Amino acid sequence: MRPEQTAAAHPNIAFIKYWGNRDDALRLPSNGSISMNLSGMETRTSVRFDPELQQDCFTLNGEAQVGAPLQRVSQFLEHVRKLSGSGCFARVSSSNNFPTGAGIASSASAFSALALAASKAAGLDLSQKDLSRLARLGSGSACRSIPDGFAEWLPGEDDGSSYAVSIAPPDYWDLADAIAVISQDHKPVGSSAGHRLAHTSPLNAGRVTEAPERLATCREALLNRDFERFAEVVELDSHYMHAVMRTSTPPLVYWEPATEVLLWQVWQWRKRGHAVCATVDAGPNVHVLALSNELDWLKKALAELPGVKNVLIGKPAEGARLVG
Ligand code: DP6
């Protein structure tokens, strides 16, 4: 057992998406995925195991949490207790420097920061691979926020072989994510529940079968800094995931009318020669991926579109780290 440990981690945006599991409990994904950590947005989490505590305590942005959020953190800490052989409960205090309701998925930054802080506080010194595996148990996408920069989650065969690795450092490509926030509401169906519906769509088998091809194209385009090729595969993959969501039983429709307008607009800009493309997660907000030299006009143009509440910018960032 060590004194309190604090870790920081960024959320990430997936270029090739994780949607659906082969094993929900272990979060073994149906397909691999590729993402980029996002600078500017960050979760900071402090953990201290305390023999005096009767149960885990979890504060988020200064507010004590009960019910489902506390239960999810507590369930995660069980994995850490098992690994370290300790039975102690913990005090967890977490804060996001981006508004929790800003429409940015915080589970990736949350569980990657928690995995690092909790494992260190429990006296463990996990390798990056084992840290990524641990973070995966809290939230699938969190395993990709452990390594630096651009990460690929290798789906693996079992718990031991499903984790993320860095495929390029943050300064490898001058890419940015301009997030057009359309809604700040909590999504009606969260990702965990959504993953369980993927197999009900008749389109899912095709999406999963062809995933290795899209992963190879995306990896290659990224490593060659080939924006045109990158843009095509990123948009195809996002459309594939939303087609599966819409054709699930019950159907999941995350888009709002403004989402569609933005996607059309981004497509027009690219046709005119701009290095921009778009991807959408489990919500209505549009992530516009662009080369950094497009950002000045892009930020203004996005902010002026109907339905856009604000625009956040994320650039490639480092993985989870301990902070003082
Ligand atoms: C659409 O990682 O949030 O953002 O493992 O249940 O926490 P849980 O799901 P989560 O799913 C992310 C879904 C996605 C695509 C992606 O980030 O790859």
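The values are calculated or read from the model by the stated rules, or taken from the named source; none is laboratory data. Quick caveat, the model's predicted, so the values are computed rather than measured. Don't worry about glycine lacking a Cβ; one is built from the backbone with ideal geometry, like all the others, and counts go over all protein chains shown. For accessibility, only protein heavy atoms count, side chains too; no ligands or nucleic acids. Shrake-Rupley method; radii C 1.70, N 1.55, O 1.52, S 1.80 Å.
Working note: Karplus 6.51/-1.76/1.60 with θ = phi - 60° gives the stretch 206-215 the couplings x, 4, 6, 4, 8, 4, x, 5, 5, 4 Hz, where Gly and Pro are set to x.
When each of the peptides 164-170, 145-151 is scored by how many other beta carbons lie within 10 Å of its residues on average, the order from highest to lowest is 145-151, 164-170. In a fully extended conformation the segment linking ASP23 and ARG229 would gain 71.0 nm over its present Cα-Cα distance, using 0.36 nm per residue. Scanning residues 5 or more positions from ASP281 or on other chains, those with amide H under 5 Å from its amide H are HIS287, with H placed 1.01 Å from N in the peptide plane.
In this structure the stretch 204-270 gives 47 Å² per residue of accessible area when probed at 1.4 Å with all protein chains present. Across the stretch 49-61, coupling constants 3J(HN,Hα) worked out from phi with the 6.51/-1.76/1.60 Karplus curve, θ = phi - 60°, read 7, 9, x, 7, 6, 8, 7, 5, 10, 9, 10, 10, 6 Hz, and Gly and Pro carry x.
Taking every lysine pair in the chain that is 8 or more places apart or spans two chains, those with Cα atoms closer than 22 Å amount to 13. Taken along the Cα-to-beta-carbon direction at a fixed 7 Å, the label points for THR247 and ASP50 span 5.2 nm. Can you tell me how the stretch 175-314 classifies by the Cα gyration tensor, rounded, prolate or oblate, using a/c under 1.5 as the rounded cut? In terms of gyration-tensor shape, oblate. Peptides 88-95, 173-180, 108-115 ordered by packing proxy, namely the average of other Cβ atoms within 10 Å per residue, highest first: 108-115, 173-180, 88-95. Summing charges over neighbours of ILE167, with a neighbour being any other residue whose Cβ is under 11 Å away from its Cβ, gives -1 when K and R count +1 and D and E count -1.
Multiplying the residue separation of THR59 and THR200 by 0.36 nm and removing their Cα-Cα distance gives an extension gain of 47.1 nm. Rolling a 1.4 Å probe over the protein heavy atoms gives the stretch 5-170 an accessible area of 36 Å² per residue. Any idea how far the Cα center of the stretch 4-64 sits from the one of the stretch 221-245, in Å? What the calculation gives is 25 Å, centre to centre. Equivalent-ellipsoid semi-axes for the stretch 5-170 (Cα gyration tensor, √(5λ), whole Å, largest first): 24, 18, 14. Evaluated over the Cα positions of the stretch 256-315, the convex hull gives a direction-averaged projected area, one quarter of its surface, of 3.9 nm².
Per the 1.4 Å probe, what fraction of the accessible area of the chain, in percent, lies on carbon and sulfur atoms? Write down the numbers at each step before the final one.
Details: 7090 of 13560 Å².
Carbon plus sulfur share of accessible area: 52 percent.
For the chain, what is the mean residue ellipticity at 222 nm derived from helices alone (per DSSP H run of n ≥ 4: -39500 (n - 2.57); sum divided by total residues; nearest 500 deg cm²/dmol)? One gets -11000 deg cm²/dmol as the mean residue ellipticity at 222 nm. One Cα centroid belongs to the stretch 133-175, the other to the stretch 278-324; the line between them spans 20 Å. Using the empirical formula 2.2 N^0.38 Å as the baseline, the Cα radius of gyration of the chain reaches a ratio of 0.96.
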